[in-house]
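Below you'll find the structure, written out as structure tokens, and then a few comments.
The values are calculated or read from the model by the stated rules, or taken from the named source; none is laboratory data. Remember, predicted model here, so these are calculated numbers, not experimental data. Positions of Cβ are generated from backbone atoms using ideal geometry, with glycine treated the same way; all protein chains shown enter the neighbour counts. Note: accessible area is taken over every heavy atom of the protein model, side chains too, but ligands, DNA and RNA are not part of it. Shrake-Rupley method; radii C 1.70, N 1.55, O 1.52, S 1.80 Å.
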Amino acid sequence: MIARVALGGLAWLTLAYLAFPLVVILGASLTTTEFLAFPPRGLTLAWYGRVVADPSYVGAFWTSTWLAALAAASAVLLGLPASLAIARHDFPGKAALAALLMSPLLLPHIVLGAALLQYCVHVGIARTPLALLVGHTVIVAPFVIRAVLPLLTAEQRALEEASMDLGAGPFQTFCRVTLPLVRSGVVSGALFAFISSWINVELSMFGTTASMTTVPVKLLNHVQYQVDPLIAAVSGITILAAAAAIVAIDVVFGLDLLAERK
Amino acid sequence: MTAPVAGAALPLLDIRDVAKRYGRVAALAGVSLEIGQGEFVALLGPSGCGKTTLLRCIAGFVAPDSGMIAIDGIDVTALPPHRRPLNTVFQNYALFPHMTVAENVGYGPARRGVPRAEIAREVDAALAMVGLDGFAPRRPSQLSGGQQQRVALARALINRPRLLLLDEPLGALDLKLRKQMQLELKRLQARLGITFVFVTHDQEEAMTMADRIVVMEGGSIAQAGPATEIYARPCSRFVAGFIGEANLLDLVADPDGRLRARIGGAAIVAPLSGSGSGVGLSRVGMLRAEALRPATADVPDAVAATVTDVVDTGGQVLVHLDAAGIALMMRRLGDARAAFAAGQRIHVAWSPEALHVLPEQAG
Amino acid sequence: MTRLPAFLGALRRDMPWPLLAAPLLFFAAFFAFPLAVVLVASVTAADGGGLTLAHYARVLLDAYHWDILWLTLRIAFVTTAIAMMLGYPLAYYLVRVVEARWLRRACVVLLVIPLFTSNIVRSFGWMVLLGRVGIVNETLQGAGLIERPIRFLGSETGIVIGLVYILLPFVVLTTGNAIAAIDRRLEEAASDLGAGPAQRFRTIVWPLSLPGLLSGAVIVFTLAVSAYVTPALLSSGRVTVFSMLIYQQYASVFDFHYGGALSVVLLVATLLLLWAAAAIDPTRRRT
Ligand SMILES: Nc1ncnc2c1ncn2[C@@H]1O[C@H](COP(=O)(O)OP(=O)(O)O)[C@@H](O)[C@H]1O
Ligand SMILES: [Mg+2]
């Protein structure tokens, strides 16, 4: 009984620890003062107004968004065929290939970012949108593979064979059987890819310029020389966007990740 | 402990008015049952009738809403499972996947603080008892279904429980292995003298193994008794139909006070039942399939029937008949296969004593 | 040697090239090749000359680098340990104690929101909280627990607080998954065999959830070793971790050779530790 109460107490303290900084940021973004204050003194949305009026922040939001969208799309275009090859074919070096494609999840992003910077300098595309995009694609592609691969099961293989048996060609089979069955994996993988790209700093900071920068990198630069409620407002926008995205995912997919399997 | 005296002794397990509801479902609707020391009891019934729930109440995993459970005269209703002097062989064995066979089997003794060397000895003995010598270092995932079943058995029996509960322990095995395990379990039980409460939905399994069968229906006990008695004198349509092939006939009392079954032109007389009979009284009579025999038309009370189907079950044939709209089944030995063909018109008869009249309330 | 052509034939025939061509080319061009470039740069002389191990010598023979590597590893270890200690009870609580589905879902949402929010934003929250006049110091002072504000920012403690916060959800999710997958009947079997609640936890739940906890710990450790943003923001320039050295070389000093050697050292250290973790994994199946 005592153990149970202690466990509950510790759990709720930990949850509070997780929620607290987010609450502080949201609170501080509403202050009427020129400096950060929590609890906020007075309540105003003026700082949000300033963000929206600041073209450099609006530009950064735009860059982050198209970058994440393109990276997620490229990740699907690369990750889906790779998953099919791994799940449906036996070939020498398959395990090594799978390890290669998943390794960006494990390797330090700062090393990848540095490597890509150096490489792109060689090839002459350093600090171009293309360089940013390929880097982001490499680090988010594993999310798609990880989400799709478990869905390509042996039972599903039987469905594909049934489709072929009923006269559908390989392409028709892919469109009508395979794709619908892995759709949820593609969607959730792409979603993770999009978000991972959107929030990335360690890779982006090697690829951005003053005129083409993502929101996290811009925040990093801003925070390092000045801390004001404007940053809190920008952060607040990203937190609210993340919360909205997750609640949407929860409604659509049911995020009961920790429910016991019966 | 003195040896239990038959009859007079305290029952080993005493279940009184145990009830358990899940929402609107009454999984157990007031069950009372006494089980004696050394008995082999089968809980038999269709899926969903509450067998598992009753077993889990006994083991302590489910707290009954009302009622009492006593073991050896001690009320254990409120005791947690790990304090009850019994062990369970689970439906899917529930072997610990992260432990070896030896660690699984030695789990109980280790909890009681038995010294290591002693545990090792007991584990070896338990594994030898179930025929698994040499399997100690394996993982459950490296065993076949039958071997896992034996490990589960050894893991329970090593604790020498007063009472062993088994929830469809043979359900996942193929038929041949199941038959073999049935005999082995029966022998083991006889040798160890441990009380077994065995859940099954397979009537043949229950008949093969148990001293006493408890037939359950919808959360209640429909009938309890020795296999032969339940087979010969079921107390309801449900029990009659659940065990063996039963022909059920509607009986009506004639003005002379005798119960008769009317089949086509014939009116077969049933033996007089003890309870009061009057004109218009209606009852149900049960006739086992093996009680029917082919007859000629001149045999008194012979019934004309058409063969609708002949099912050869190997060694025996089950002949399905249509007697003036009433479906009957007749069981014959396999060499009679050639004697029947669908569409054939035959006569069948049975001796009046073979007809068992179900008790009144069963109608 | 006659087998080689056969092997190549098998390669050609069995490889699903239409599916693999694009991903393989892309990963070769933008992942393997750049890493190779770093590796090559780390072993070539700055003036474009031949092979040299001078850059590695510069990294490995300098006590300063070892200090920083040790500090980085220490921060990562402490972060991992605390994340495990906080994450396990929370995971257990959410899976086994919380009964209301909506509440567990709400908690999962709360766990996942930080994962969907940039490191910068999350670390920034701690900058506000842990500053000299931040709410933590004000609260501690107000409660009379301390007289002068504690310097969190610019200390290892601050970095650990920030990293634990950022990485904790990984432990909770992997561990929670493992606990959720444990068949309750195993615990029933244990209690049937005489195990009380504490023994059931020790002999069943703990060993079966350990792989989840360890895989979470591996994620936390690798991310903590290579973290840049959180230490950069919460160190106030007073504490240097290994990733900052790399960043300096690539972003301001432009010494790709020396930077390459630093990158390879961090990479190798990470891989070695991952390999060691896999090797000592007590849950590995013996066969
Ligand atoms: N945990 C439970 N929650 C809800 N209903 C249950 C639960 N356990 C059993 N029941 C219900 O109780 C009835 C009896 O179940 P059970 O004892 O498992 O039957 P049996 O073992 O005879 O197949 C069934 O209707 C079943 O659906
Ligand atoms: Mg059952």
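What the table below lists for this structure:
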quantity	calculated
Dimensionless Rg/Rh of chain B - Kirkwood Rh, Rg from C-alpha atoms	1.06
Helical mean residue ellipticity (222 nm; -39500 (n - 2.57) per DSSP H run of 4+; nearest 500) of chain C	-22500 deg cm²/dmol
Whether region C:160-200 is rounded, prolate or oblate, judged on the alpha carbon gyration tensor where a/c under 1.5 counts as rounded	oblate
Solvent-accessible area buried by pairing A with C, both sides, nearest 100 square angstrom, 1.4 angstrom probe	8100
Farthest toward positive dipole pole in region B:13-237 [+1 Lys/Arg, -1 Asp/Glu at C-beta], among B:Ala222, B:Ala206, B:Asn104	B:Asn104
CD proxy at 222 nm, helix term only [per DSSP H run n ≥ 4: -39500 (n - 2.57); per residue of chain B; nearest 500]	-6500 deg cm²/dmol
Cα Rg, Dmax, region B:311-363, angstrom units	13.7, 41
Average projection area in nm² (convex hull over Cα atoms of region A:1-72, one quarter of hull surface)	8.1
Rg to Rh quotient for chain C, alpha carbon positions, Kirkwood Rh	1.06
Chain A - mean residue ellipticity at 222 nm from DSSP helices (-39,500 (n - 2.57) per run, n ≥ 4, rounded to 500)	-23500 deg cm²/dmol
Computed label-point distance, nm, for sites C:Trp17 and A:Glu155 using a 7 Å Cα→Cβ extension	3.6
Residue with peak Gaussian network fluctuation, chain C [Cα springs, cutoff 10 Å], from C:Phe242, C:Phe30, C:Phe256	C:Phe30
With Cα atoms, 0 to 90° folded angle of helix B:145-157 axis to chain B main axis	70
Among A:Ala98, A:Ala115, A:Ala19: highest mean-square fluctuation, GNM of chain A, C-alpha pairs under 10 Å	A:Ala19
Beta bridge orientation in the protein assembly as shown: antiparallel %, DSSP, nearest 5	75
Candidate lysines for bridging to B:Lys51, where Cα separation is under 28 Å - those fewer than 8 sequence places away on the same chain excluded	A:Lys262, B:Lys20, B:Lys176, B:Lys179, B:Lys186
Kirkwood hydrodynamic radius (C-alpha pairs) into Stokes-Einstein, the protein assembly as shown, 4 °C and 1.567 mPa s, D in µm²/s	38
About the Cα centre, charge dipole magnitude for region A:55-226 (Lys/Arg +1, Asp/Glu -1 at Cβ), debye	300
Amide hydrogen neighbours beyond the local backbone of C:Ser235, cut-off 5 Å, H modeled	C:Gly154
Candidates B:Thr88, B:Thr200, B:Thr228, ranked by Gaussian network fluctuation over chain B, Cα under 10 Å, top entry	B:Thr228
At least 24 Å along the helix axis (C-alpha) and Kyte average at least -0.5, DSSP helices within chain C	C:63-92, C:156-180, C:206-226, C:256-280
10 Å Cβ neighbours from other chains, averaged over peptide C:102-113	6
Mean Kyte hydropathy of 0.0 or more with a Cα span along the axis of at least 15 Å, helices from DSSP in chain A	A:2-28, A:55-88, A:109-123, A:129-148, A:179-198, A:215-225, A:229-253
Residues with amide H under 5 Å from that of B:Leu43, placed H, sequence gap 5 or more	B:Phe198, B:Val199, B:Thr200, B:Val214
Interatomic Cα distance distribution for chain A, bins of 10 angstrom, percent	6, 22, 27, 24, 15, 6, 1, 0
From phi via Karplus (6.51, -1.76, 1.60), per-residue ³J(HN,Hα) for region B:240-246 in Hz, x at Gly/Pro	4, x, 7, 10, x, 8, 10
